[in-house]
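Notes to accompany the following structure.
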Amino acid sequence: QVQLEESGGGLVQPGGSLRLSCAASGSVFSSYHMRWYRQAPGKQREFVAQITKGGFTNYVDSVKGRFTISRDNAKNSVYLQMNSLKPEDTAVYYCYAEGATRVYWGQGTQVTVSS
């Protein structure tokens, strides 16, 4: 069993930055592929970024060059550094863990980009 808790969301002006964190507990964090998803009002949840257990990363095209996903296995944490934020990045951001047989979701953290 894995529990995921996101933090770091908030209100930021366009062009600003935020760093989201996701703390995992309850299992061997290093064996999980980790992702960030987001869901904007009235839209479906979409994939944002992934970091595999081996450290490989990939991103949705709309955030490439602006967002960076990273992980610290010693701290059981995954991060999403978000730079040059745009109003269209406004959404609830969810942490996701994929193990061999199960997947887990966090409760989400709100990110609002507005002047």
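Brief remarks follow.
- Residue within the range 36-53 that is open to solvent by 70 Å² or more (accessible area, probe 1.4 Å), more than 12 Å from the chain's Cα centre (by Cα) and among the aliphatic types (A, V, I, L, M) present: no
- Qualifying residue in the range 78-100 (condition: acidic (Asp, Glu), closer than 16 Å to VAL2 by Cβ and in contact with a strand residue (DSSP E or B) (Cβ under 8 Å, 6 or more places away or on another chain)): yes
- Scanning the range 53-71 for residues that are over 18 Å from GLY8 (Cβ atoms) and part of a loop (DSSP other than H, G, I, E, B) returns LYS53, GLY54, GLY55, PHE56, VAL60, LYS64, GLY65.
- Criterion applied to VAL111, VAL60 was being buried (at least 19 other Cβ atoms within 10 Å of the Cβ) and either more than 10 Å from the chain's Cα centre (by Cα) or at pLDDT 95 or above (or both), and the one residue passing it is VAL111.
- If only residues of the range 1-35 that are outside any strand (DSSP E or B) and among the hydrophobic types (A, V, I, L, M, F, W, C) are counted, the one that is surrounded by the fewest Cβ atoms within 10 Å (Cβ to Cβ) is VAL28.
- Close pairs (7 angstrom Cβ cut-off, 6 or more residues apart or separate chains): in contact (Cβ under 8 Å) with a residue 24 or more places away in the chain and closer than 19 Å to LYS86 by Cα in the range 1-30, of a type in the set (Lys, Arg) and in a strand (DSSP E or B) anywhere: GLY8/ARG19
- Look at (1) modelled with pLDDT under 95; (2) hydrophobic (A, V, I, L, M, F, W, C); (3) buried (at least 18 other Cβ atoms within 10 Å of the Cβ) and you find that ILE69 fails only one, number (1).
- Residue selected from the range 72-103 under the condition more than 19 Å from GLU46 (Cα to Cα) and part of a strand (DSSP E or B), by the criterion farthest from the chain's Cα centre (by Cα): ASP72
The values are calculated or read from the model by the stated rules, or taken from the named source; none is laboratory data. Only a predicted model underlies this, so the values are computations on that prediction, with no experimental measurement involved. Methodologically, a virtual Cβ is constructed for each residue, glycine included, from the backbone with ideal geometry; neighbour enumeration extends over all protein chains shown. These accessible areas exclude ligands, DNA and RNA; they are computed on the full protein's heavy atoms, side chains included. Shrake-Rupley method; radii C 1.70, N 1.55, O 1.52, S 1.80 Å.
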